[in-house]
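Accompanying notes for the structure given below.
Each reported figure results from applying straightforward, stated rules to the coordinates on display, with no laboratory input. It should be emphasised that the depicted structure is a prediction, and the values quoted were computed from it without experimental measurement. Glycine gets a Cβ as well: all are built from the backbone with ideal geometry, and neighbour counts include every protein chain shown.
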Amino acid sequence: MRREIHKWYSPAMYKEMEIAVYGHYGFALLMFPTAGADFLEYERFQMIDSLRPFIDAGKIKVFSVNSFFNDSWLNKSIYPPHKAIRHGQWNHYIESEVVPFIYSHCNGHVPIVTTGASVGAYLAANIYFRNPFTFRGAIPMSGIYDIKYYSGGFYDDTCYFNSPTDFLPNMTDERTLDEMRKNMGIVLASGQGSFEDPGATVHLSNILRSKGIPHYLELWGHDMPHDWSTWRDMLPYFIGNRF
């Protein structure tokens, strides 16, 4: 399996940002880390190993990016409005820097599917629903999709447009909704074991259903906790059976 580490100074984030790349071919699987973790988290917790058959077969090429939560919602030294601004800067980094990097690395405009667990699930869903013309599918696992859960109750326009359970119900642009309806696929997944919140996943599923957006709702058993053991089982299954 080919493994590369890239980094550059990000004009959007005002600091150096790293990204790990695994594989040689396939659609791009863009992975977002949990909470304040880094771009190698999925490798450390053996998620990359669990995906290796699909990577080696050329079905997927994995791109794992750095988090920004330590600089924003987890940063107790700045005011909430500045945390929201930092979130907006990170969105810009993904869309204006990471996406072109993926296209360049893949020698073309390959489909990009977003994924992540826990906080990474929120990020994967949020960036996809914000821009389904660039991102062609999403596999969020064990997420909560209301920004107020992370913002401590702070709320402004930036928060609204980064809170899928808020902006999706009000979305009326049929062109954008149609794009979601015909994309590669959406899998909303959660376990029902310790520290999971399957109700958050069901709530997002109900919103998508109300908009006529096809998706898979995957609620796994009460023996599936909010932990890596669950996600290492889930993601390979979805790549193999849903995409």
Practice problem: Along Cα→Cβ, 7 Å out, is where each label goes; now give me the distance between the ones at R2 and V202 in nm to one decimal. | Solution: 4.5
Exercise. Among D71, D166, rank each residue by its count of other Cβ atoms within 10 Å, from fewest to most, as a rough exposure measure.
Key: D166, D71
Quiz item: Are any of the pairs K148/K182; K15/K83; K7/K182; K61/K182 more than 26 Å apart by Cα-Cα distance, and if so, which?
Solution: K148/K182; K7/K182
Self-check item: Of all DSSP beta bridges in the chain, antiparallel share, percent nearest 5
Solution: 35
Quiz item: Most exposed first by the Cβ proxy, i.e. fewest other Cβ within 10 Å, how do R175, R181, R136 rank?
Solution: R175, R181, R136
Quiz item: Using the count of nearby Cβ atoms within 10 Å as a rough guide to exposure, how do W8, W228, W90 rank from fewest to most?
Solution: W8, W228, W90
Quiz item: In deg cm²/dmol and to the nearest 500, what is the mean residue ellipticity at 222 nm of the chain if only DSSP H runs of at least 4 residues count, each as -39500 (n - 2.57), divided by the residue total?
Solution: -11000 deg cm²/dmol
Quiz item: So, with +1 on the Cβ of K and R and -1 on the Cβ of D and E, and no other charges, what is the size of the charge dipole of region 1-94 about its Cα centre, to the nearest 20 debye?
Solution: 140
Quiz item: Where the eigenvalues come from the Cα gyration tensor of region 3-241, what are the semi-axes √(5λ) of the equivalent ellipsoid, largest first, in whole Å?
Solution: 23, 22, 19
Quiz item: Which order do peptides 73-81, 195-203, 118-126 fall in by mean Cβ count within 10 Å, highest first?
Solution: 118-126, 195-203, 73-81
Quiz item: Hey, how many Å between the Cα centroid of region 90-125 and the Cα centroid of region 155-220?
Solution: 18
